[in-house]
Amino acid sequence: MRLAADLTYHRGRFQSGLVVEVQDGLIASVAPGSDGQRLAGQALVPGAVNAHSHTFQRAIRGRTEYRVLGREDFWTWRERMYHAANALGPEEIELVARLCFVEMLQAGTTSVGEFHYLHHNPDGTPYDNPDELALRIQAAAEWAGIHLVVLRCGYARAGFEREANPLQRRFIDPDPDYGLAAVTRLKARGLSVGLAPHSLRAVPFDWFRRWAEYARSRQLPLHMHVAEQPREVEECLAEHGARPIELLDRHGWLDERFVGVHAIHLTDDEVAALGRSFVCSCPTTERNLGDGIVRADELMAVGTRLCLGTDSQCQIDPYEDARQLEYHLRLRKRERAVLEASRLWQTVHLNGAASLGLGAGAIEAGLRADLVAVDLEDSTLAGTPAEDLAAALLFGLGRSAIRQVWVAGRAALDPEKARQAACDFARVMGLLVS
Ligand SMILES: [Zn+2]
């Protein structure tokens with residue numbers, strides 16, 4: 001396949017007169033030319049990467065946006081989310097994931113890291129195949145045509161000195177090796193995998209260390225929720241005498257493999273300690289849950305690679321997430337253009353891919369052919385000069401402009417499948433609500 005768009009994003013800018021050649025799912029070359037499939041009036045950009053997703057939470061979109069009694073916050077939302085998590089069987093989980101993945105593709109996302117913590121039956125007993133639910137998510141990804149990385153989650157407890165919560169039984173493994181065995185099995189099946197000890201709240205430090213050592217020895221991504229809520233920081237201080245990032249730094253785990261998800265409540269020293277690692281912000285979810293604002297400017301200044309996730313799926317739009325990362329800082333600082341646009345671009349593509357251990361995220365020979373064609377005549381982009389197009393995408397792209405999506409060179413936008421996924425999802429929701 002050879003794609004000749006009017007403009008191609010290559011080496012940091014949009015260029016005309018380039019042809020992208022795809023062979024065996026990879027970009028074989030990006031070179032001047034004009035022969036090939038003409039994408040007239042379109043620009044070719046790398047597929048976005050969603051580094052943090054919990055697909056099942058798509059089932060509660062719009063269902064928690066109200067106040068029942070007194071204060072609503074992250075913790076009251078979480079109880080409602082747990083109820084949804086426990087109401088879904090394997091088939092429903094697969095159907096919800098299908099719609100979620102279709103929606104990601106429609107928004108220009110070609111790879112997703114599923115931070116997967118639904119493992120067992122609602123009573124905590126394993127399925128006949130202990131990997132049943134991870135394989136359901138994989139089946140949904142294959143059906144939709146998105147590239148999936150299963151970030152297999154480890155979960156041990158409700159929290160330090162906290163009573164067990166029966167709604168968490170689906171997440172909890174009996175010991176750290178149980179989840180590592182699952183990672184080994186999934187990898188042996190050819191799935192892309194990473195490790196995700198849930199948080200320092202949900203796993204004791206010995207458990208975290210065991211998983212971090214496993215990830216390091218096998219060069220797998222290591223993702224963890226960290227410092228999303230002040231209460232979590234306080235509980236970490238009570239248990240370990242250190243804040244979460246401070247603790248990880250003290251033990252030498254903040255390396256190039258570590259991906260801290262959220263990382264909102266940080267001291268200046270903790271910001272400095274994250275210079276070699278990734279921070280995955282999920283700005284739309286973070287504002288939805290009232291978590292707080294990621295100090296993206298200060299993190300970028302020390303070298304942290306920022307990437308993005310949809311997390312709760314309250315909205316699925318990688319460019320919206322990118323602009324919220326910037327807009328939150330504008331509101332806080334009452335300034336404009338806080339983050340460098342080129343770095344913001346990298347948060348959507350290259351950094352997300354690197355956080356998941358993927359060779360993708362740019363239109364460059366040797367990388368996976370994950371490509372998105374946007375319509376330059378769409379109402380959200382029309383009349384934009386090439387030199388301003390990247391910024392116009394970051395700050396104004398609407399989903400209506402996304403014309404075609406390829407994952408590993410295969411066309412992945414199928415209106416018929418999208419209709420079927422929406423229809424099946426509506427049936428699942430009907431069962432949930434009734
Ligand atoms: Zn999350």
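Quick rundown of the values:
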item	result
³J(HN,Hα) computed for each position of segment 22-32 - Karplus, 6.51 cos²θ - 1.76 cosθ + 1.60, integer Hz, glycine/proline x	10, 9, 6, x, 10, 7, 7, 7, 10, 8, x
Förster-model FRET efficiency, 30 Å R0, Arg403 and Ala139, C-beta, rounded to 0.05	0.65
Cut-off 15 Å between beta-carbons: net charge of the residues surrounding Phe205, Lys and Arg +1, Asp and Glu -1	-3
Rounded if a/c under 1.5, otherwise prolate or oblate - segment 48-355, Cα gyration tensor axes	rounded
J(HN,Hα) series, segment 351-362, from Karplus relation 6.51 cos²θ - 1.76 cosθ + 1.60, nearest Hz, glycine and proline x	5, x, 4, 5, 5, 9, x, 9, x, 7, x, 8
Scattering curve values for segment 367-433, log₁₀ I(q)/I(0), Debye with Cα scatterers, q = 0.19, 0.28 Å⁻¹	-0.85, -1.11
For segment 145-202, the spread of Cα positions along each principal axis, largest first, Å	40, 24, 19
Neighbour-count ranking [beta-carbon atoms within 10 angstrom, fewest first] of Leu431, Leu118	Leu431, Leu118
Where GluC sites (Glu not before Pro) in DSSP loops with at most 16 other Cβ within 10 Å are excluded, longest remaining stretch of the chain	164-255
Whole-angstrom gap from segment 153-181 to segment 281-320, using each part's C-alpha centre	26 Å
Cα-based convex hull volume of segment 130-176 per residue, rounded to whole Å³	95 Å³
Gain upon complete extension [Ala188, Ala386; 0.36 nm per residue less C-alpha separation]	66.8 nm
Separation of alpha-carbon centers, segment 1-35 and segment 347-418, rounded to whole Å	13 Å
Nearest-20 debye value, the chain charge dipole, Cβ charges on Lys, Arg, Asp, Glu	180 debye
Largest-first principal axis extents, alpha carbons of segment 301-434, Å	48, 38, 36
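Any read-out appearing in this document is the output of simple, stated calculations on the displayed coordinates, not a laboratory observation. Computed from a prediction, not measured in an experiment: that's the story for all the values here. All Cβ positions, even for glycine, are placed from backbone atoms using ideal geometry, and neighbour counts span all protein chains on display.
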